[in-house]
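Here is the structure we will look at.
The values are calculated or read from the model by the stated rules, or taken from the named source; none is laboratory data. These numbers come from a predicted model, not from an experiment. Here the Cβ positions follow ideal geometry from the backbone for every residue, glycine too, while neighbour counts run over all protein chains shown. These accessible areas exclude ligands, DNA and RNA; they are computed on the full protein's heavy atoms, side chains included. Shrake-Rupley method; radii C 1.70, N 1.55, O 1.52, S 1.80 Å.
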Amino acid sequence: MKWVYIAIVVAATTVGEVMQAAGMRRNGEIHDFRPSALGRALAMLSRNIFVIGSVVAMAVSFFAYLGLLTIAELSFAVPVTAITYVLETILAKYILKEHVNWLRWAGASLVICGVALVSL
Amino acid sequence: MSHEAARLRLKTWICAAVVVLSNVFGNFFLKKGMPADLPTPWSYVTVLFHPLVTLGVVLLILWMMSRMALLSWADLSYVLPVTSIGYALVALVGWLFLAERIPAKRWAGIVLIVAGVALVSLGTAPRTHKPEAGQ
């Protein structure tokens, strides 16, 4: 059961975050942080298909994570879900067409090792 | 560094700080308020009205909003490593405020995370793709 939760959390998080990044890029840079402007931005985002998809995927991920926390230690749940870093960095390169240079790969690798050491 | 690059970097760092802090404290309150088990599907809903869980959820909503704003101009492959400084922060908060001992292995992990974050945040620009039209 533990591994079913983990598979759902990892898949849903990866899909959700890549869709969120795609949707936000499509929306364009947010310049105005006054509440009224943020409200208008939210109204626009609520019609953005990528953002809607990402919210659905993240809701799935959130409830699966709650379920995981009830049967697994936080110190197990956190490093295992760091797998999403690898998957998302790969998808950022090939789907979002970001320039992932060696500094970013090195940084992401250091972070993954660090997360494992901190939480194991 | 051009004026535009400096502006983008400052804006990125401020927004990243909001993302990190709301995530760290959101998860902290969520974990504190969670009961030992959730026996029925309905209990997954009622648990959201436990005060600490509610506070955690509110902070996680702020986290999601600020993260979306950040992703509207910054790369995902930049945001992911940089905002993971939160993992190190959680351990440091426990050490500073809850007098938790940090074993050598955990210090090593904190050093690796900080090094990874420094590499990406100081060594690469937040945005490598062409900004698209919009807003």
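Summary of computed values
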{"read-out": "Cα gyration tensor category, rounded, prolate or oblate, for chain A with a/c compared to 1.5", "value": "oblate"}
{"read-out": "Loss of accessible area when B meets A, both sides summed, Å² nearest 100, probe 1.4 Å", "value": "4500 Å²"}
{"read-out": "Whole-number accessible area per residue in Å² for region B:1-71, which is evaluated in the context of all protein chains at 1.4 Å", "value": "56 Å²"}
{"read-out": "Pairwise label distance in nanometres, B:Leu92 with B:Thr46, each label 7 Å out on the Cα-Cβ vector", "value": "4.1 nm"}
{"read-out": "C-alpha long axis of helix B:51-71 to longest principal axis of chain B, angle in °", "value": "20 degrees"}
{"read-out": "Euclidean distance of C-alpha centroids, region B:35-98 and region B:8-34, integer Å", "value": "7 Å"}
{"read-out": "Prolate/oblate/rounded call for region B:8-135, Cα gyration tensor, a/c under 1.5 rounded", "value": "oblate"}
{"read-out": "Members of region A:79-100 that become less accessible by 20 Å² or more once partner protein chains are added (1.4 angstrom probe, chain alone as reference)", "value": "A:Tyr85, A:Glu88, A:Thr89, A:Glu98, A:His99"}
{"read-out": "Degrees between helix B:104-123 axis and first principal axis of chain B (Cα, 0 to 90, nearest 10)", "value": "30 degrees"}
{"read-out": "Length added when fully stretched, A:Ala116-A:Ser75, from 0.36 nm per residue minus Cα-Cα", "value": "13.9 nm"}
{"read-out": "In degrees, nearest ten, helix A:49-71 long axis to first principal axis of chain A (Cα)", "value": "30 degrees"}
{"read-out": "Computed Rg/Rh of the protein assembly as shown, alpha carbon atoms with Kirkwood Rh", "value": "0.95"}
{"read-out": "Heavy-atom surface of chain A, accessible at 1.4 Å and reported per residue (Å²)", "value": "49 Å²"}
{"read-out": "Cα gyration tensor shape for region A:1-40, rounded if a/c is under 1.5, else prolate or oblate", "value": "prolate"}
{"read-out": "Protein-protein interface of region B:64-108, residues with accessible area decrease of at least 40 Å², isolated chain reference, 1.4 Å probe", "value": "B:Met64, B:Arg67, B:Met68, B:Leu71, B:Ser72, B:Leu76, B:Ser77, B:Leu80, B:Tyr87, B:Lys105, B:Arg106"}
{"read-out": "Heavy-atom accessible surface of region B:1-58: percent carbon and sulfur, 1.4 Å", "value": "77 percent"}
{"read-out": "Residue-wise HN-Hα coupling along region A:95-105, computed from phi with Karplus coefficients 6.51, -1.76, 1.60 (Hz; x: Gly, Pro)", "value": "9, 8, 6, 7, 8, 8, 7, 5, 4, 6, 4"}
